Number of protein chains: 4
Amino acid sequence: MDYSYQQCVDACLECLNACNVCNVASLKEYDLAMLRECIRVSRECAEICGFAAQMLEHGTNFAEQICELCAHACEVCAAECSKHTHDHCKQCAEACRRCFQACRQLVAV
Amino acid sequence: MDYSYQQCVDACLECLNACNVCNVASLKEYDLAMLRECIRVSRECAEICGFAAQMLEHGTNFAEQICELCAHACEVCAAECSKHTHDHCKQCAEACRRCFQACRQLVAV
Amino acid sequence: MDYSYQQCVDACLECLNACNVCNVASLKEYDLAMLRECIRVSRECAEICGFAAQMLEHGTNFAEQICELCAHACEVCAAECSKHTHDHCKQCAEACRRCFQACRQLVAV
Amino acid sequence: MDYSYQQCVDACLECLNACNVCNVASLKEYDLAMLRECIRVSRECAEICGFAAQMLEHGTNFAEQICELCAHACEVCAAECSKHTHDHCKQCAEACRRCFQACRQLVAV
C-alpha cells in the first residue's frame, strides 16, 4: 500500500475508535435528550469507517466509491458532534474531519 | 445447509432486524433516559447476530463458539428489552428469545 | 419499511448468501486457477451486500450512496460469475442481477 | 482503555491486516491449489479479528468470549499459514500468534 492509502486506512480506524468512544460516552451523559442525533450518527459513522478500513485493506476495486461514502458520513458526524461541548464529541468531530480529508485525498489521487 | 443450520441463520437475521428497529426507535422515545441500556445492548446484539449470520453462511469452523456467543448476547438483550413496554422492545425481546433457542439448538446438535 | 426498501434488504441478504456459497464452493473446485477472480469478487460482493443490508435495516441516511455501491459490486460479480459453468457461479450471477436491480430501483425512488 | 485492552485491539487490527494481505496474495500465487485452506482460513480469521477489534473498541460486555473465539481462529490460521513458505504466509502466521497471545492475556486478566 502506498502512503496516502495507508494513511486513509489509519484515519478510518482512528475515526471508528473516536466514534465508538463518543457513542458509548453519550449514552451515559446527563443531557441525553440533546444527544439523540449524536448517538445515531456516531454509530453510523463508526460502521461506515470500519467497513471502509476493511475494504481498503483487502484492496477493494471500489475504493473511490467507498471513500466518498466514508467522507460523506464523516462530514455529517463532524457537523453533529461540533454542536456539543463534551470532550468525546469534540474529539470525535476532529477525528471525523481528519478522516474526511484522508478519504477525499485518496479519491483525488 | 441442513434444516437447523438454516433456521439458525434466519433467526439471527430476524433478531438483527428486530434489534436494529428497537435501537433506532428507542433513540426517538420520550423516556430516553430509561432506555440507555436498551440502546446499548440492542446495538451490541445486532452486531453479534449479524456477525453470526454471516459466519454461519460461509460455513465457519467456529459455529459452536459463535452460536454460544450469540445466544449469550440474545439472552442479555431479551432480559433488558423485557423491562420496557414499548412494542419495539417487546418484539425485540421475542426475536432475541427465538434466536437464543435456535443458537442453543445448533450447539446441541 | 416500505415495500421496495424491504425488497432491497432481502435481495442483499440473498445475494450475500449466494456469494458466500459460490466463494466457498469455488475454493474446492478442480479448475481453481480459472476461479481466482471469481473467489476474489464473490468475497467482495458478499461483504458489500452484508454491509448494505445492515445499514438499510437501521435506516441509514446514506441509502442512495450505499445502494449505488452495492449495485456496482453486484454488476462486477455477475459479470465474472457468468463466465463460469458451475451451478454455484450461475446462481451467484442470478442473485447478483436481482440485487443489482433492487438497489437500482431503490435509488430511483 | 487500559494497556492490555488497547494492545489486544491493536493486535487484532494488525492480524486483520496480515490475514487480508495473505488472502489477496495467495489468490495470485502459482501454487494456488496448495493454498485453498490458507485462503479459506485467512478470510475467516480476518473477519473474526475485525469483529473482535470493533466489539472491544466499543466496550462489549462479551470481551472474554470474543477474545477466546479470536484466539481460536488465530491459532488455526497460524497453524495453516506455517505450512507455506510464502512471505505473506509467514507474516500472517506471526501476526496470528501475536494476536492469539494478546487475546489470551486479556482473557486471563
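The values are calculated or read from the model by the stated rules, or taken from the named source; none is laboratory data. It should be emphasised that the depicted structure is a prediction, and the values quoted were computed from it without experimental measurement. Virtual Cβ from ideal backbone geometry, glycine too; neighbours counted across all protein chains shown. Note: areas computed on protein heavy atoms with side chains; ligands, DNA, RNA excluded. Shrake-Rupley method; radii C 1.70, N 1.55, O 1.52, S 1.80 Å.
Tell me the distances, shortest first, between D:GLU94 and the same position across the other copies, using label points 7 Å along Cα→Cβ, in nm to one decimal.
Here the equivalent label points are 3.4, 4.8, 5.5 nm apart from this one.
Kindly report, to the nearest 10 Å², the accessible surface of D:HIS86 as traced by a 1.4 Å probe over protein heavy atoms only.
Approximately 40 Å² for this residue.
In region C:69-109, which trypsin sites (Lys or Arg not before Pro) fall in coil by DSSP and have 13 or fewer other Cβ atoms within 10 Å? Write out the running numbers ahead of the final one.
On the way: sites: C:LYS83, C:LYS90, C:ARG97, C:ARG98, C:ARG104; in loops: C:LYS83.
In loop regions of region C:69-109 (DSSP not H, G, I, E or B), the sparsely surrounded trypsin sites (Lys or Arg not before Pro) are C:LYS83.
Quick one, could you list the DSSP H helices from chain C stretching 27 Å or more along their long axis (Cα atoms) with average Kyte-Doolittle hydropathy of 0.0 or above? All intermediate terms of the calculation are to be shown ahead of the outcome.
Values: long enough: C:3-26 (34 Å, 0.39); C:36-57 (32 Å, 0.11); C:87-108 (32 Å, -0.35).
Both cut-offs are met by C:3-26, C:36-57.
Would you look at the GNM of chain C, springs on alpha carbons closer than 10 Å, and say which of C:LEU16, C:LEU27, C:LEU35 moves the most?
Checking each option, the largest mean-square fluctuation is seen for C:LEU27.
Using Cα-Cα distances under 8 Å and only pairs 6 or more residues apart, what relative contact order does region A:3-108 have, in percent? Write down the numbers at each step before the final one.
Details: 133 pairs, mean separation 39.1, N = 106.
Answer for region A:3-108 is 37 percent.
Can you list, bin by bin at 5 Å, the percent of alpha carbon pairs in region C:1-62, starting at 0?
Answer for region C:1-62: a P(r) of 4, 20, 24, 18, 13, 9, 7, 4, 2 percent.
Smallest Cβ-to-axis distance in chain C, for the rotation taking C to A: which residue, how many Å?
Chain C residue with minimal Cβ-axis distance: C:PHE51, 2.
Along Cα-to-Cβ, 7 Å out, sits the label point; list in nm, shortest first, how far the one on C:GLN105 is from those in the other copies.
The answer, with the shortest distance listed first, is 3.1, 4.3, 5.3 nm.
Please work out the average accessible area per residue across region D:1-90, using the 1.4 Å probe convention, and give it in Å². List each step's numbers first, then the result.
On the way: 3380 Å² over 90 residues.
It amounts to 38 Å² per residue over region D:1-90.
Got a sec? Charge dipole of chain C, +1 on Cβ for Lys and Arg, -1 for Asp and Glu; which of C:ILE66, C:ALA79, C:ALA11 is way out at the positive end?
After comparing all options, I get C:ALA79.
Which of the pairs A:LYS90/B:LYS28; A:LYS28/B:LYS83; C:LYS90/D:LYS83; C:LYS28/C:LYS90 have their Cα atoms more than 27 Å apart in this structure? Write down the numbers at each step before the final one.
Details: A:LYS90/B:LYS28 23 Å; A:LYS28/B:LYS83 19 Å; C:LYS90/D:LYS83 34 Å; C:LYS28/C:LYS90 16 Å.
With Cα atoms farther than 27 Å apart: C:LYS90/D:LYS83.
Ordered shortest first, which distances in nm separate the 7 Å Cα→C-beta label point of D:GLN7 from those of the other copies?
3.2, 4.5, 5.5
Place a point 7 Å from Cα of C:SER82 in the direction of its Cβ. Which residues in region C:33-66 have their backbone N less than 18 Å from it?
C:37-39, C:41-42, C:45
Please identify the trypsin sites (Lys or Arg not before Pro) of region B:1-75 that satisfy two criteria: DSSP loop assignment and at most 13 other Cβ atoms within 10 Å. Which are they? Kindly include the intermediate steps, with their values, before the conclusion.
On the way: sites: B:LYS28, B:ARG36, B:ARG40, B:ARG43; in loops: B:LYS28.
Here the sparse-neighbourhood loop sites are B:LYS28.
Treat the protein assembly as shown as a sphere of radius equal to its Kirkwood radius over Cα pairs and apply Stokes-Einstein at 10 °C in a medium of 1.306 mPa s; give the translational diffusion coefficient in µm²/s, rounded to a whole number. Display every interim value, and only then the final one.
On the way: Rh = 21.7 Å.
In µm²/s, the coefficient rounds to 73.
Between A:ASP31 and A:GLN105, what FRET efficiency follows from the Cβ-Cβ distance if R0 is 35 Å, with the result rounded to 0.05?
Numbers: r = 35 Å, r/R0 = 1.01.
Efficiency computed from Cβ-Cβ geometry: 0.50.
Report, in deg cm²/dmol and to the nearest 500, the calculated mean residue ellipticity at 222 nm for the protein assembly as shown, where each DSSP H run with n ≥ 4 adds -39500 (n - 2.57) and the sum is divided by the residue count.
Working: 16 runs with 348 residues, N = 436.
It comes out at -28000 deg cm²/dmol, rounded to the nearest 500.
Given +1 on the Cβ of Lys and Arg, -1 on the Cβ of Asp and Glu, and no further charges, what dipole in debye does chain C carry about its Cα centre, rounded to the nearest 20?
Magnitude of the dipole: close to 240 debye.
Which percent of the accessible heavy-atom area of chain D goes to carbon and sulfur, probe 1.4 angstrom? Could the numbers behind the result be given before it?
Working: 2350 of 4510 Å².
The nonpolar share, carbon plus sulfur, comes to 52 percent.
Can you tell me what percent of all Cα-Cα pairs in chain C are more than 18 Å apart? Don't jump to the answer; show the numbers that get you there.
Values: 2374 of 5886 pairs.
Result: 40 percent of Cα pairs exceed 18 Å.
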